[in-house]
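J.: Mind looking over this structure? Questions follow.
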Amino acid sequence: MEINYCSSCGEKLVIRSINGEERQACPSCSFVHWGNYSVSVGALVIKDEKILLVRRKHNPGKGKWTNPGGYIEQMELIEQSVIREVLEETGVTTKVKSLVMLGDYPGRIHNLYVGFLMEYVEGEAQPDKVEVDGAGFFSLKEMEAMDIADMTRGLVDIAFKHEAVGLTANPLPKTLFNGYTFFNV
């Protein structure tokens, strides 16, 4: 989707060269449209040597098994987003253990994908029937016969082979970082 009007004042945007790039900018105020971006999260939840997967009900990826996840909300910390997405899609309660993957997908919409290793807390995996029509914990052997999305196969490898690796949330109060959460080793 193209943006045609300034989100600050409503003026029609014009093309302006900014830092050597053609950008849509407002002729009336300082607004510059820097591009279309999205941030999504994915969860790697392991319980009893099995990983939590969901089957996508809609495109993209309809019918494929993936790890639970989705988009972050505007006023939500990213670790809250991944916990919420798992709970919404599967009914499973989790906690963030570490950040284990960062995916960068430039395109018409530049997507940043953040993968988290999660601690299983409680709950039986049940599909929400809105976004997913299947949910459960599966072993590597069971996954051999399943139609699993390519990226999820890579994440499963990370979950089972690199569990001790990753960035963890810095325990210092967010007030010290103006509300930011930092993940570090």
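J.: Kindly indicate whether any position in region 81-101 is loosely packed, with under 15 Cβ neighbours inside 10 Å and either touching a residue at least 60 places away in the same chain (Cβ under 8 Å) or not assigned by TED's automatic domain parsing to the domain that holds G136 (or both).
T.: Scanning region 81-101 turns up no residue that is loosely packed, with under 15 Cβ neighbours inside 10 Å and either touching a residue at least 60 places away in the same chain (Cβ under 8 Å) or not assigned by TED's automatic domain parsing to the domain that holds G136 (or both).
J.: Further question on the same structure: Only one of these is surrounded by 17 or more Cβ atoms within 10 Å (Cβ to Cβ) and either modelled with pLDDT under 85 or among the hydrophobic types (A, V, I, L, M, F, W, C) (or both): V130, V156, V165, V121. Name it.
T.: Selected residue: V156, the only one of V130, V156, V165, V121 that is surrounded by 17 or more Cβ atoms within 10 Å (Cβ to Cβ) and either modelled with pLDDT under 85 or among the hydrophobic types (A, V, I, L, M, F, W, C) (or both).
J.: Can you give me the ranges of the strands (runs of 3 or more DSSP E) entirely in region 1-120 with at least 3 residues that are over 20 Å from G166 (Cβ atoms)?
T.: 14-18, 21-25, 50-56
J.: Can you find a residue that is under 17 Å from the mean Cα position of the chain (by Cα) and not hydroxyl-bearing (S, T, Y) anywhere in region 10-28?
T.: Within region 10-28, none of the residues are under 17 Å from the mean Cα position of the chain (by Cα) and not hydroxyl-bearing (S, T, Y).
J.: Among the residues of region 1-50, count how many are without any contact (Cβ under 8 Å) to a residue 40 or more places away in the chain and of a type in the set (A, V, I, L, M).
T.: Total satisfying the criteria: 8.
The values are calculated or read from the model by the stated rules, or taken from the named source; none is laboratory data. On a predicted model such as this, the values are computed, not experimentally measured, just so you know. Methodologically, a virtual Cβ is constructed for each residue, glycine included, from the backbone with ideal geometry; neighbour enumeration extends over all protein chains shown.
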